[in-house]
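Q: This is the structure I have questions about; it appears just below.
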Amino acid sequence: TLQWMRNLGYSVPVLASPEFRDNLVLRNLDLGQFDGAYFLDWPIRPEYVKEYRERFGQDPILLAAIAADAVDMTFEALKKSPNLGVGLHQIQHTGNAGTYDFTSEQAGNSTPASLFKIENGAAVSVP
């Protein structure tokens, strides 16, 4: 953990991926042990959160929203071409975890990420 690193004398900032938040949620971990860590996160479409919560009784993690988007984009791309790679390069898709554009060289999710820092056991947005 971050506390273990500090006990060893490490004082460098820690920047984690969006999966960091997902793991915290899935494992119901105490955020206080990660005070000082930064992580990136993308917003999940509120309607998807509501639908997911009603169906499964909990909020979705980011990877669930991305996986649902991947399935939707696969079907959308295969409607464009039987070759998935060719079809993907023809779509722009607004999904549960952002807006994806595969029509340019900079393919991927174009939705801006937000930076958060764990402070006093809570995730706080960093401006």
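Q: Roughly speaking, what % of Cα-Cα pairs in the stretch 70-127 are separated by over 17 Å, rounded to a whole number? Walk me through the intermediate numbers first.
A: Details: 816 of 1653 pairs.
Across the stretch 70-127, Cα pairs with separations above 17 Å total 49 percent.
Q: Under the rule of -39500 (n - 2.57) per DSSP H run of 4 or more residues, summed and divided by the residues of the chain, what mean residue ellipticity at 222 nm is obtained, to the nearest 500 deg cm²/dmol? Can you show the working numbers first?
A: Numbers: 5 runs with 50 residues, N = 127.
One gets -11500 deg cm²/dmol as the mean residue ellipticity at 222 nm.
Q: Then there is this: So how compact is the chain: Cα radius of gyration and Dmax in angstrom?
A: 17.7, 55
Q: Report in % the part of the accessible area of the stretch 51-127 that belongs to carbon and sulfur, leaving out ligands and nucleic acids; probe 1.4 Å. Could you put the intermediate results ahead of the total?
A: Working: 2620 of 4900 Å².
Ligands and nucleic acids excluded, carbon and sulfur reach 53 percent.
Q: Output ³J(HN,Hα) for the stretch 84-101: one whole-Hz value per residue in order, computed from phi by the Karplus curve 6.51 cos²θ - 1.76 cosθ + 1.60 with θ = phi - 60°, and x for Gly and Pro.
A: Each residue of the stretch 84-101 in turn: 4, x, 5, x, 4, 5, 10, 10, 10, 9, 9, x, 6, 10, x, 10, 10, 9 Hz.
Q: Can you list the residues, at least 5 places off or on another chain, whose amide H is less than 5 Å from the amide H of residue 16, using H built in the peptide plane?
A: Result for residue 16 returns 38, 39, 40.
Q: In square angstrom, what is the accessible area per residue of the chain with a 1.4 angstrom probe? Intermediate results must be reported in sequence, preceding the final value.
A: Details: 8280 Å² over 127 residues.
Result: 65 Å² per residue.
The values are calculated or read from the model by the stated rules, or taken from the named source; none is laboratory data. Since this is a predicted model, take the numbers as computed values, not measurements. Calculation scope for accessible area: heavy atoms of the full protein, side chains included, ligands and nucleic acids excluded. Shrake-Rupley method; radii C 1.70, N 1.55, O 1.52, S 1.80 Å.
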